[in-house]
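Below is one structure, written out as structure tokens, with a few remarks after it.
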Amino acid sequence: MSQASDLAELEEQARAAIAGVVDVQGLQETRARFLGRSGSIKVVLRLLAELPEEQRRELGQAANATKERIEECVRARRAELESARIENALSDHRLDVTLPGWIAPRGHLHPISRVFRDMTSFFAGLGFSIEDGPQIETDWNNFGALNFPEDHPSRDTQDTFFVEGGHVLRTHTSPVQIRAMTGRTPPFRFIAPGRVYRRDSDPTHSPAFHQIEGFMVDERVTFGDLKGVLYAFARHLMGPEVRLRFRAHFFPFTEPSAEMDFSWGDGWLEWGGCGMIHPNVLRNCGIDPDRYQGFAFGMGVDRTAMLRFGIPNLQLLFEGDVRPLEQL
Ligand code: PHE
């Protein structure tokens, strides 16, 4: 019975082809090739018409059984391909929760800003509020109202940057005293952090640098109050062991005046200037010096930041290269 052996061979070929397909589409094509409308099994069945009744039934049953087994084989292969596809999708897109996370880069405040914030919050605790002023200042606020004589050497082009229109880049934060006091009535307790400019530049001096100004005016403010505030401030910044040294000095806007140093190791480092606000300054702001007195101080901030953060060179603070600053 050649048709029966044809069927066996057909089934053999179909199984081999089905085992060899790699995807669902290939499987569909293979199924069509063997079981489809013009597939191999149909060719076998078409021969049935020519056979006698007896053989026709026998071969028909055999053909149907073969067809059913091939269908079963296709179903099994389809299930295999489907689960392999899911398997692959899972392993390709696997989420490894043990991988280190991606840390969003975060900036931080510039060391000068951090020192300013620390200083102003210390003074806030003593009841001082923050005053501000522009970096381009009038000659009156930077010099005149602060009792500088017309021919005072610090007005010289050696020190001062002049701006068109007779203005200057402020050479200190003291003009904020004038801005804060004019048109107001004491008592005052003010702190004024800011950037100032002078014409010198070397490894320890930058043409732009930072100061913090403090001043207090009331009916019975003394040099003792000034020293008390400065000691508290110095201890806050440099620890309880720090000592201060006051050296008699001259500023046009304070009388008496002193320069102060703080102890550092075996020596002293220059910190800033201070004194009792000159009566002329109060008068220039419309305040009666017979009724009110006040103290003022102003000191550099950059050195404090360098000591605190271990910055060896002042320029690193200002060059705008973030690499050294990122390390702080
Ligand atoms: N303005 C002074 C300076 O820049 C410092 C100072 C401020 C001195 C207040 C006395 C009082 O050197």
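Values quoted throughout were computed directly from the atomic coordinates according to the rules given, and no laboratory measurement underlies them. In this text, all values refer to a predicted model and were calculated from it rather than measured experimentally. Cβ sites come from the backbone with ideal geometry, for glycine too, and all protein chains shown count toward neighbours.
Which of Leu59, Leu237, Leu169 moves the most in a Gaussian network model of the chain with Cα springs under 10 Å?
Leu59
In whole Å, how far is the Cα centre of region 283-328 from that of region 112-140?
Each part reduced to its Cα centre gives a spacing of 9 Å.
For the chain, set up a Gaussian network in which alpha carbons nearer than 10 Å are linked by springs, and say which option among Ile130, Ile178, Ile41 fluctuates the most.
Ile41
Just to confirm the number: angle between the C-alpha axis of helix 223-238 and the first principal axis of the chain, 0 to 90 degrees, nearest 10?
Value to nearest ten degrees: 30.
With a ≥ b ≥ c taken as the square roots of the eigenvalues of the C-alpha gyration tensor of region 216-296, please select rounded if a/c is under 1.5 and otherwise prolate if a/b is larger than b/c or oblate if it is not?
It is prolate, given that a/c is not under 1.5 and a/b is the larger ratio.
222 nm [θ] for the chain, helices only, -39500 (n - 2.57) per DSSP H run of 4+, per residue, to 500?
-13500 deg cm²/dmol
Can you work out ³J(HN,Hα) from phi for every residue in region 251-261, in order, using Karplus 6.51 cos²θ - 1.76 cosθ + 1.60 and θ = phi - 60°, giving whole Hz and x for Gly and Pro?
Once rounded to whole Hz, the list reads 10, x, 9, 9, 7, x, 10, 8, 9, 10, 10.
Shape of region 111-326 from its Cα gyration tensor (a ≥ b ≥ c, root eigenvalues): rounded if a/c is under 1.5, otherwise prolate when a/b > b/c, or oblate?
Oblate, because a/c is 1.5 or more while a/b does not exceed b/c.
List the relative contact order of region 111-326 as a percent without decimals, with contacts defined as Cα pairs under 8 Å and 6+ residues apart.
Dividing the mean separation by the residue count of region 111-326 yields 21 percent.
Quick one: which residues, 5 or more positions from Phe295 or on another chain, have an amide H under 5 Å from its amide H? H modelled 1.01 Å from N in the peptide plane, none for Pro or chain starts.
Here the answer is Met216, Ile277, since their amide H atoms fall under 5 Å of that of Phe295.
Which of Ala14, Ala63, Leu48 sits closest to the plus end of the dipole of region 4-92, meaning its Cα is farthest towards the positive end, when Lys and Arg get +1 and Asp and Glu get -1 on the C-beta?
Value: Leu48.
Please report the antiparallel percentage of the DSSP beta bridges confined to the chain, to the nearest 5.
Once the DSSP bridges in the chain are tallied, antiparallel ones form about 95 percent.
Among 257-265, 17-25, how do they line up from the highest to the lowest mean number of other beta-carbon atoms within 10 Å?
257-265, 17-25
Where does helix 53-92 land angle-wise versus the long Cα axis of the chain, in degrees 0 to 90, nearest 10?
Computed tilt is about 10 degrees.
Taking amide H positions as placed 1.01 Å from N in the peptide plane, with prolines and chain starts having none, which residues 5 or more places from Val196, or on another chain, fall under 5 Å of its amide H?
Sorted by chain and number, the residues that satisfy this are Phe209, His210, Gln211.
Under the Karplus relation 6.51 cos²θ - 1.76 cosθ + 1.60, θ = phi - 60°, what is the ordered set of whole-Hz ³J(HN,Hα) values for region 310-327, x standing for Gly and Pro?
3J(HN,Hα) across region 310-327, in whole Hz: x, 8, x, 9, 3, 4, 4, 6, 10, 6, x, 8, 6, 4, x, 5, 5, 7.
Treating the angle as unsigned and between 0 and 90°, give the value, to the nearest 10°, between the Cα long axis of helix 2-20 and the longest Cα principal axis of the chain.
Once rounded, one gets 10 degrees.
Points 7 angstrom from Cα along the Cβ direction at Ala4 and Trp102: gap in nanometres?
According to this spin-label approximation, the distance is 6.9 nm.
Classify region 1-89: rounded, prolate or oblate, from the alpha-carbon gyration tensor (a ≥ b ≥ c, eigenvalue square roots; a/c under 1.5 rounded; otherwise prolate if a/b is larger than b/c)?
prolate
Nothing charged except the Cβ atoms of Lys and Arg (+1) and of Asp and Glu (-1): what's the magnitude of the dipole of the chain about its Cα centre? Round to the nearest 20 debye.
So the dipole magnitude of the chain works out to roughly 600 debye.
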